[in-house]
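Reading through the structure tokens given below for one structure.
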Amino acid sequence: MPALRARRAAGQEVWWYTYANVGAARMPGYLIDKTLADQRVFGWLMHQWDVDGLLNWGTNRWGDALTGNGWRDPYKDPLSYRKPDGRVANGDTCLIYPGYYPRYGLDDPSAGPVSSLRLEALRDGFEDREYLRLAARSAGGAFARKVAEQVAWFPYPVRQANVFDFPKYTTSAEVFARARAQLAERIEQARTGSR
């Protein structure tokens, strides 16, 4: 998009900030109610749009859903965020869970936090982004773009306005796996010099 290209030309980084808003149904986020593709696709989209970072304002909001105060058991109650207008976000600000929870066999009081599947899918997406970077460097940007478009694509005309149509993306684990395998094969071919 023109605004992103202008920031890049000025030597600035571009970061995304995601939160549960009225568009949550049509864009990726951290909600439990949606597919894990929502987290994994961030790495692919960041590569395609040349985005440097992803900001998430909360990973362990275990307090009251509206105020954030006190203690809410995230294992029992997934409602991590409630907006004053009544909209809710299950898991949006809760990507890790308490590591000490004897009821689930987590009986080490000094244990670190437990990762959510959503955080692990986000990690997988960032690993995919690194595969895309390596493939683009070794096999050319056109190859990496072609593979990335199997996962996420932008079927709208690009325009500069206060209206944003979010890219479409697959929710199929098989499509993610197949695309990653294509990248890995091309990276390995470049590394070993084989075809």
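Miscellaneous remarks
- Cα gyration tensor shape for the range 55-132, rounded if a/c is under 1.5, else prolate or oblate: oblate
- Degrees, to the nearest 10: 141-151 long Cα axis against longest axis of the chain: 40 degrees
- Segment GLN189..ASP85, full-extension length gain: 32.1 nm, with 0.36 nm per residue of separation and the alpha-carbon distance subtracted.
- Considering only GLY68, TYR104, TRP57, and ranking their Cα positions along the charge dipole of the chain that arises from unit charges at the beta-carbon of Lys, Arg, Asp and Glu, the one farthest toward the positive end is TRP57.
- Translational diffusion of the range 125-179, estimated by Stokes-Einstein from the Kirkwood radius over alpha carbon pairs at 25 °C in a medium of 0.890 mPa s, is 196 µm² per second.
- Here the calculated FRET efficiency for ALA10 and PHE166, from their Cβ-Cβ distance with R0 = 30 Å, stands at 0.75, rounded to the nearest 0.05.
- Crossing angle, helix 173-192 versus the chain [Cα axis fit, 0-90 degrees, rounded to tens]: 50 degrees
- Between ARG123 and THR67, the FRET efficiency estimated from the beta carbon spacing at R0 = 35 angstrom works out to 0.70.
- In terms of Cα atoms, the Rg and Dmax of the range 2-192 work out to 18.8, 57 Å.
- Label separation (LEU106 vs LYS76): 1.5 nm, computed from points 7 Å beyond Cα along the C-beta direction.
- Around ALA6: net Lys/Arg minus Asp/Glu count, Cβ-Cβ under 14 Å: +1
- Simple Cβ-charge dipole of the chain, Lys/Arg +1 and Asp/Glu -1, about Cα centre, in debye nearest 20: 680 debye
- Helix axis angle, 37-49 relative to the chain longest principal axis, alpha carbon, degrees: 40 degrees
A short reminder: the numbers here are calculations on the coordinates, not readings from a lab. The structure displayed is predicted, hence computed values, not measured ones. Cβ: placed from backbone, ideal geometry, glycine included. Neighbour counts: every protein chain shown.
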